[in-house]
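Beneath this line is the structure, given in structure tokens, with notes to follow.
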Amino acid sequence: MSKAVMSPPEAAPVGEPPRPSADEIRKQLETVLASPAFHGSKRCQKFLEHVCGKALAGEESTLKERTVAIEVFGRQPESDLGEDTIVRVGAREVRKRLAQFYVSEEGSLAEVRIDLLPGTYVPEFRYSVVRKEPEILPAPEAMDRPAPWWRRRGYQLVALLAVAAAGYAAYAKWTAPSPNVAAFRAFWQPVMSSSAPLTVAVAHPIVYHASRRALKLNAQVLGPTNEGQRALQLPPKMLDGSDMVPVLNQYVGFGDMVVTTEVVSMLARNNHNARVRFASAVEFADMRTSPTLLVGAVTNRWTVEFQANWRFRFIRNADARVVIVDSASPGKEWTILAKDDGSSPDDYIMICRIRNSVTGGIVLVGAGLKQFGTEAAGHLLTDPEHLGAMLRKLPEGWESKNVQIVLHAQVIGNTPAQPEVVAAYAW
């Protein structure tokens, strides 16, 4: 019986880490598709399997929005994709589920990583940790005899030429970006140029648990079950305020997790470190020595604390709704009509980069009124093309100024669509 042979890692260009082999990628794809993150969505499974299959077949050039709409979602060739956003929404859902998988226990241990970066439908395959190839030592007799001088010099010359070529290629790639990418880099430049890691200060929402009494009553009403979790189904009069137990500093919202995952991954790809903390555990002194990203609106104590002198601010109005107000235009505000369960057909987002903050350093903010907007902020902060295009519309000289952008996004199936700018200010 013949044995299956795993193909070796693909050869990578000089100076780049080795790429996973096709067999390793297929094996990882099977694991991802069978994971809890993807198990409940046949559409996301089909989408990811399709784009990975095309990439492995060397057909990346066919992975355009129209071809994906036709081949994955069965759309007609003449479909108006300006109105039909199914591919873009599907890609965002796949990115969200990939983020879920790679923060799970199983995903965090995966050697191979599959990413679908914003702005493209071509997947990226890489090792989670750069692997070192085994060192091949020469035979003992070869070690005892020095190589001829001409061979030693030749090897050195080849190595120097290889290093120079790789360095020039990297330099050319970095120094000749598209206008949108150049604007994106200018936005992140104060963070990337800092020797300190970025502190990601995550929101600390107050979550309420049902009391043990309420859970016991619920179990008596619903009867025995093998289900893991069950929503309370008690008449309102059976509960009182003591049945709602506040829980602090134990939970992170899904949108906050997306921002954190995508920003930390983007920084890692650019060889910059980050540290993640609950905002409630971050002290002011920590932010004086480190650039900081504040994730969350009124659920982040530092966003509320620092925004006093900003033009656009998050506040909670008399109706207990969170709104974004324009302090330069009294009465102008942006808000949503969310249901009690948190669902909403749209959301508003605020992206900030404050260069001269009260900390003395750089402070960034990515937050929505609800979790959908915060998720959209994470996608936008790491998307060179879309964020760059928005930044290029700001007044000249924004690169050295404070920047605030307010955006609006539709929410389709609990997934935010591509946001649009409704207001921006640089000072």
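The values are calculated or read from the model by the stated rules, or taken from the named source; none is laboratory data. All values reported here derive from a predicted model rather than from experimental measurement. Please note: Cβ atoms are built from the backbone with ideal geometry, for glycine as well, and neighbour counts cover all protein chains shown.
A residue that is buried (at least 18 other Cβ atoms within 10 Å of the Cβ), in contact (Cβ under 8 Å) with a residue 24 or more places away in the chain and part of a helix (DSSP H, G or I) can be found somewhere in the stretch 364-372. Here residue 326 fits the description: at pLDDT 95 or above, over 22 Å from the mean Cα position of the chain (by Cα) and surrounded by fewer than 23 Cβ atoms within 10 Å (Cβ to Cβ).
Among the residues of the stretch 401-423, those that are part of a loop (DSSP other than H, G, I, E, B) and in contact with a strand residue (DSSP E or B) (Cβ under 8 Å, 6 or more places away or on another chain) comprise 401, 402, 417, 418, 419. Taking the conditions exactly as written (in a loop (DSSP other than H, G, I, E, B) and among the charged types (D, E, K, R)), does residue 396 satisfy them or not? Yes, satisfied. Looking across 198, 217, 222, one residue alone is buried (at least 16 other Cβ atoms within 10 Å of the Cβ) and outside the structural domain of residue 371 (by TED's automatic domain parsing). It is 217.
For the residues 51, 112, the requirement of being crowded, with 19+ Cβ neighbours inside 10 Å and under 23 Å from residue 385 (Cβ atoms) singles out 51.
The set of residues from the stretch 333-354 being surrounded by 14 or more Cβ atoms within 10 Å (Cβ to Cβ) and in a loop (DSSP other than H, G, I, E, B) comprises 335, 336, 338, 344. Among the conditions (1) charged (D, E, K, R); (2) more than 14 Å from the chain's Cα centre (by Cα); (3) not assigned by TED's automatic domain parsing to the domain that holds residue 219, the only one that residue 256 does not satisfy is (2).
In this structure, is residue 323 under 29 Å from residue 117 (Cα atoms), in contact with a strand residue (DSSP E or B) (Cβ under 7 Å, 6 or more places away or on another chain) and β-branched (Val, Ile, Thr)? So residue 323 does not fit the description; no. You will find that of 57, 34, 69, the residue that is assigned by TED's automatic domain parsing to the domain that holds residue 107, at pLDDT 90 or above and either basic (Lys, Arg) or in contact with a Ser or Thr (Cβ under 7 Å, 6 or more places away or on another chain) (or both) is 69 and no other.
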